[in-house]
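Notes follow the structure.
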Amino acid sequence: MTPVATNLYLVGFMGTGKSTVGRQVAKQMNFDFIDSDQEIERVHGRPVSAIFAEQGEAAFRKMEREFIENGHPAQGCVVACGGGLVVPPGMLELLRSRGVVICLHAPIGTIIERIMHTTHRPLLQAEDRAQRLRDLYAQREALYRRTGTMVLTDSRPLREIAAHVLRVYRHEAADFKG
Ligand code: S3P
């Protein structure tokens, strides 16, 4: 552990493995693991899909901002951020002021395979889910590339991905000035 337990924020598109990798990395660092979607669901008492359906996406983005601003410990945690958390203007800067930001990445073909048949993601409620994913990915790809060091989560075992994330984290946490 670094002397100051700087938080680690994992960002990236849906299906890049933020929760799976985050849980593993947190275990190895002896940090708490927090998933932003799960935490928002817990605090607001309803699933993300219901928040989208009843209050709209803008309300959910506000909840994500509140979660980052005040809803989690300032140190000692690995946060798996919902895929769109980093999209609204100012969110990346906010995350960077809180800790190390690492972006998980996978090719769109892998993402489609991984999440095409999942049912809980409101943004995938479309007739052609694969096309919806391609469109969103195309819209956001440049932004994700600007967020931080990218770690590829395609075609390698979880322990290698986690080790890579840890190396990047240690390097960047040493320079972090919160
Ligand atoms: C979203 C990603 C989801 C969840 C919500 C919106 C997005 O999280 O926050 O459905 O805008 O990309 P995951 O990245 O964990 O699927």
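Using the Cα centre as the reference, give the magnitude of the dipole from point charges on the C-beta atoms of the range 21-86 (Lys, Arg: +1; Asp, Glu: -1; all else neutral), rounded to the nearest 20 debye.
Numbers: 7 positive and 10 negative charges, 26 e Å.
Rounded to the nearest 20 debye, it is 120 debye.
Under a 10 Å cutoff between Cα atoms, tell me which one of A74, A106, A53 has the largest fluctuation in the Gaussian network model of the chain.
Comparing A74, A106, A53 in the GNM, the peak value goes to A53.
With r as the distance between the Cβ atoms of Q38 and D175 and R0 = 35 Å, compute the FRET efficiency 1/(1 + (r/R0)^6) and round to 0.05.
Using R0 = 35 Å, I get an efficiency of 0.70.
Roughly how big is the range 51-124's charge dipole about its Cα centre, with Cβ charges of +1 (Lys, Arg) and -1 (Asp, Glu), in debye to the nearest 20?
Magnitude of the dipole: close to 120 debye.
Sequence-distant or interchain residues sharing an amide H contact under 5 Å with Q75, placed H: which?
none
Okay, helix-only estimate at 222 nm for the chain: each DSSP H run of n ≥ 4 adds -39500 (n - 2.57), divide by all residues, round to 500 deg cm²/dmol; what do you get?
Estimated from H runs of four or more residues: -16500 deg cm²/dmol.
Sum up the charges of everything whose Cβ sits under 14 Å from the Cβ of I68, counting Lys and Arg as +1 and Asp and Glu as -1, but leave I68 out.
With Lys, Arg at +1 and Asp, Glu at -1, the net is -2.
Suppose R0 equals 41 Å; then what is the FRET efficiency for N70 and Q139 from their Cβ-Cβ distance, rounded to the nearest 0.05?
0.90
What are the extents of the Cα atoms of the chain along their three principal axes, in Å, largest first?
Principal axes ranked by extent give 49, 35, 26 Å for the Cα atoms.
Taking K and R as +1 and D and E as -1, what net charge do the other residues with C-beta under 10 Å from the C-beta of Y9 add up to? Intermediate values should be presented prior to the final figure.
Working: positive: K18, R96, R98; negative: none.
Charge balance in the 10 Å sphere: +3.
Specify which residue in the list L85, G71, F176 is farthest towards the positive end of the charge dipole of the chain, using unit charges on the beta carbon of Lys, Arg (+1) and Asp, Glu (-1), about the Cα centre.
The residue sitting most towards the positive pole is F176.
Each value in this text was obtained by applying a stated rule to the coordinates, not by laboratory testing. Everything quoted here is computed from the prediction, not taken from an experiment. Glycine also receives a Cβ, built like all others from the backbone with ideal geometry; neighbour counts cover every protein chain displayed.
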